[in-house]
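The values are calculated or read from the model by the stated rules, or taken from the named source; none is laboratory data. Since this is a predicted model, take the numbers as computed values, not measurements. Reconstructed Cβ throughout: ideal geometry from the backbone, glycine too, with neighbour counts over all protein chains shown. What goes into the accessible areas is simple: the full protein's heavy atoms, side chains included, and nothing from ligands, DNA or RNA. Shrake-Rupley method; radii C 1.70, N 1.55, O 1.52, S 1.80 Å.
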Amino acid sequence: MARIDHLVWAAPNLERAIDELQTRTGARAAPGGAHPGAGARNAVLGLGPGSYLEILSPDPAQAPQPGPAAQLAKLAAPTLHTFAVATDRLDRVAVKLEKAGLPHAGIIPMSRRLPTGRLVRWRLLIPAGHAYGPLAPFFIDWGDSPHPSDAVDQGCRLAGLTLRHPEAWSLGPLLERLEVEVKVEAGPAEISAELDTPRGRVRLSSRDHVPG
């Protein structure tokens, strides 16, 4: 089965999100670096070998950018947004997406510079044209770059990931075809993660800060 590479915890302000996560978990995320040209920067909380939580926020050092970075700035508070699945065969995943009727923009090369100055490169494949929004994962290949979890272990582990969606009847089989093993339930759209942390079991959700 495919491995969950990382969770994306979207936030309007990086420093405040790092502080909030530390209050909840007892672990402090490490600065990750900026995404040049994307208007975003991040911090990383290790979740065990090959897995981590990414805090993603706007980068005040970059000019405001349209698209995802602009949406980050509009958030009222941090929220679990989506997740990435690791693969070394993005071409094979692309074929599976096409067979499932999910278009994509092709394989996208990206990079960022670590605080140490080292340049890290990776490639993404992002499905589109579906009804599942951020509950459908994107796929990532780190190639020869070091994995972000290699340098961070703050004592946290991913205990479980659950997706809820009104069309769980179709989302579940789709993820099975993509070899993504997560729990899928029917209900209002939500992604939630259970983390084992120095302060015990912590739940993060896309509905943490949704009124009502």
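Quick notes on this one:
This table checks each residue for (1) at pLDDT below 95; (2) in contact with a Gly (Cβ under 7 Å, 6 or more places away or on another chain); (3) farther than 23 Å from Asp208 by Cβ.
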| site | (1), (2), (3) |
| --- | --- |
| Gln65 | yes, yes, yes |
| Pro68 | yes, no, no |
| Ile108 | yes, no, yes |
| Arg112 | yes, yes, yes |
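- Any hit, the stretch 12-22, residues being within 27 Å of Tyr132 (Cα to Cα), touching a helix residue (DSSP H, G or I) at 6+ places or on another chain (Cβ under 7 Å), in contact (Cβ under 8 Å) with a residue 24 or more places away in the chain and in a strand (DSSP E or B): no
- Candidates Arg3, Arg24 - the one that is open to solvent by 30 Å² or more (accessible area, probe 1.4 Å), of a type in the set (D, E, K, R) and over 15 Å from the mean Cα position of the chain (by Cα): Arg24
- Test for Leu97: is it at pLDDT 95 or above and on the phi < 0 side of the Ramachandran plot: no
- Any hit, the stretch 66-83, residues being among the polar types (S, T, N, Q) and farther than 28 Å from Asp144 by Cβ: yes
- Within the set Leu125, Leu161, Leu119, the sole residue that is of a type in the set (A, V, I, L, M, F, W, C) and in contact (Cβ under 8 Å) with a residue 40 or more places away in the chain turns out to be Leu161.
- Filtered residues of the stretch 169-198 (kept if farther than 19 Å from Ser51 by Cβ and in contact with a helix residue (DSSP H, G or I) (Cβ under 9 Å, 6 or more places away or on another chain)): Leu171, Arg177, Val184, Glu185, Ala186, Gly187, Ala189, Glu190
- Test: residue in the stretch 73-82 that is more than 18 Å from Leu114 (Cβ to Cβ) and among the basic types (Lys, Arg): yes
- Meeting the requirement of 3 or more residues that are crowded, with 17+ Cβ neighbours inside 10 Å, the strands (runs of 3 or more DSSP E) wholly within the stretch 123-212 are 138-141, 157-165, 190-197.
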